[in-house]
Amino acid sequence: MNEYQQEDIAVIMSNIEKYYKDYLQPNNNNNYPISGKKYDEKEILSVVNAVLQCHWTEGEITKKFEKKFGNFLGLNHVLVTNSGSSANLIAMKTLTSKRLGKKKIIPGDEVITVACGFPTTIYPIIQSGAVPVFCDVEKDTLNIDCSQLEKCYNKEKTKAVFLAHTLGNPFNIKRVKQFCDKNKLWLIEDNCDALGSKYKKQYTGTFGDMSTFSFYPAHHITMGEGGAICTNNPLLYKIAMSFRDWGKDCYCRTGEDNKCKKRFKQKFGGLPHGFDHKYVYTELGYNLKNTDLNVAIGLAQLDKLEDFIKTRKKNFKMLYERLYAFKEYFILPKKTQSSEPSWFGFPLTIKENAEVNREELLKYLNRKGIGTRVLFAGDIRKQPVLYNNKNDIKWLEHPFMGNTEYIMKNTFWVGVNPLVNEEHIKYLEDCLDKFFNGDLLL
């Protein structure tokens, strides 16, 4: 790059900083945001820099992000994807590879999970030909009831456990890991809502054979659209890369050639000996890569991750202190023992005898400008995708699923994201106080 290019780029960057300060700085908004991205000029500068490099597919910026993200978690292998849902799909498909021998998951094998969660934790199990086996959850932590694990286990068919850390609250990793280790099962951690959460001082997303992350704007950091798969297992990493990259056998990254030193020296299937390894396909894969343009946003966000986590924890603490006054109406969230959650949201579950109608309450809060969400799919068994296709989609469930059904009808959550401040939280407290004192006015 010559001095004239450098000068022109400096002018572009200076104008972008000015544009941000003049037009994009966030203004004060009284609405209580359920989620949202927090950014400044650094994200814009980062993505414009990526644009000016004119390498818009996966490249050096993605590699830099993967290394930095892996260093944060203390994991050896990070694979960026185009979404957290894609990461879940790839993780599950990875376990179906013939390269895993007898440990591979085949159609009809069973995977233990919960029905109370986000659909794309569960869909990949079905899409891989396996059968989801649903355990119930606890009302206060909203995570798997580990006392049901053994009852859901089938010695001949169970191959894996696939669980999310609900709203950033870690599931009981000690119990789940002991169960998986004893029965030689795979463990996939869906860590999409829990970046920065810790269990016994160790980050969640580092306990399973694989873990997944989402970088959608609602999450702890964003790329706009994006996700990642993480692992310390080099074989799982290579298989995951294959499924992400069209199913190719070659594991060279963009811009690399002949990393295996055998590009034209091997025999595969019915192909002629020496067929170019870059065009050999050994898995039924997809194209679920991301671009350097998206990842450039995430790279700038990574520098702010520690502050974002602190803010989420601070907001959760303020919410708990303010909303404790309404404990006669709500089951307040309970963090898992030995954990330090990096909360995704603040869940509230209406108590059995509280005589509160959730629909009325949520409509009231939304009229007041307070964003709310139910707990994702509520109970996936009741969603049309499963409920209306009982003859086509197979699943198993523990006999007692009462808490899952209760949460479907009575749980919601509010935001703890970095856009939330003390004024928002005080406003929520005031609105709840008015609601429980009869203010139902439009």
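Quick grid of which residues meet (1) of a type in the set (Ser, Thr, Tyr); (2) in a loop (DSSP other than H, G, I, E, B):
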site: Gly36; (1), (2): no, yes
site: Val80; (1), (2): no, no
site: Ser85; (1), (2): yes, no
site: Leu100; (1), (2): no, no
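Checked against (1) part of a strand (DSSP E or B); (2) over 26 Å from Gly285 (Cβ atoms); (3) not aromatic (Phe, Trp, Tyr), Val161 meets all criteria but (2). For Gly205, indicate whether it is surrounded by fewer than 21 Cβ atoms within 10 Å (Cβ to Cβ) and under 26 Å from Gly285 (Cα atoms). Spelling it out, it is not the case that Gly205 is surrounded by fewer than 21 Cβ atoms within 10 Å (Cβ to Cβ) and under 26 Å from Gly285 (Cα atoms).
Residues in region 245-296 that are of a type in the set (Val, Ile, Thr) and part of a loop (DSSP other than H, G, I, E, B) were compared, and the one that is surrounded by the fewest Cβ atoms within 10 Å (Cβ to Cβ) is Thr254. For region 212-220, the criterion of a residue being over 20 Å from Leu299 (Cα atoms) and either charged (D, E, K, R) or in contact with a Ser or Thr (Cβ under 6 Å, 6 or more places away or on another chain) (or both) is satisfied by no position. Taken over region 252-300, residues that are of a type outside the set (A, V, I, L, M, F, W, C) and touching a residue at least 40 places away in the same chain (Cβ under 8 Å) amount to 14. Looking only at region 227-244, how many residues end up being surrounded by fewer than 23 Cβ atoms within 10 Å (Cβ to Cβ) and either touching a Gly at 6+ places or on another chain (Cβ under 6 Å) or part of a loop (DSSP other than H, G, I, E, B) (or both)? The number of residues fulfilling the criteria is 2. Look through Tyr23, Tyr39, Tyr32 and report the one residue that is without any contact (Cβ under 8 Å) to a residue 12 or more places away in the chain and either in contact with a helix residue (DSSP H, G or I) (Cβ under 6 Å, 6 or more places away or on another chain) or on the phi < 0 side of the Ramachandran plot (or both). Going through Tyr23, Tyr39, Tyr32 in turn, just one is without any contact (Cβ under 8 Å) to a residue 12 or more places away in the chain and either in contact with a helix residue (DSSP H, G or I) (Cβ under 6 Å, 6 or more places away or on another chain) or on the phi < 0 side of the Ramachandran plot (or both): Tyr23. For region 49-74, a residue qualifies if it is surrounded by 17 or more Cβ atoms within 10 Å (Cβ to Cβ) and among the β-branched types (Val, Ile, Thr), and the qualifying residues are Ile61, Thr62.
Bear in mind that the values in this text are calculations on the coordinates, not laboratory data. Since we're looking at a predicted model, the values are computed, not measured. Don't worry about glycine lacking a Cβ; one is built from the backbone with ideal geometry, like all the others, and counts go over all protein chains shown.
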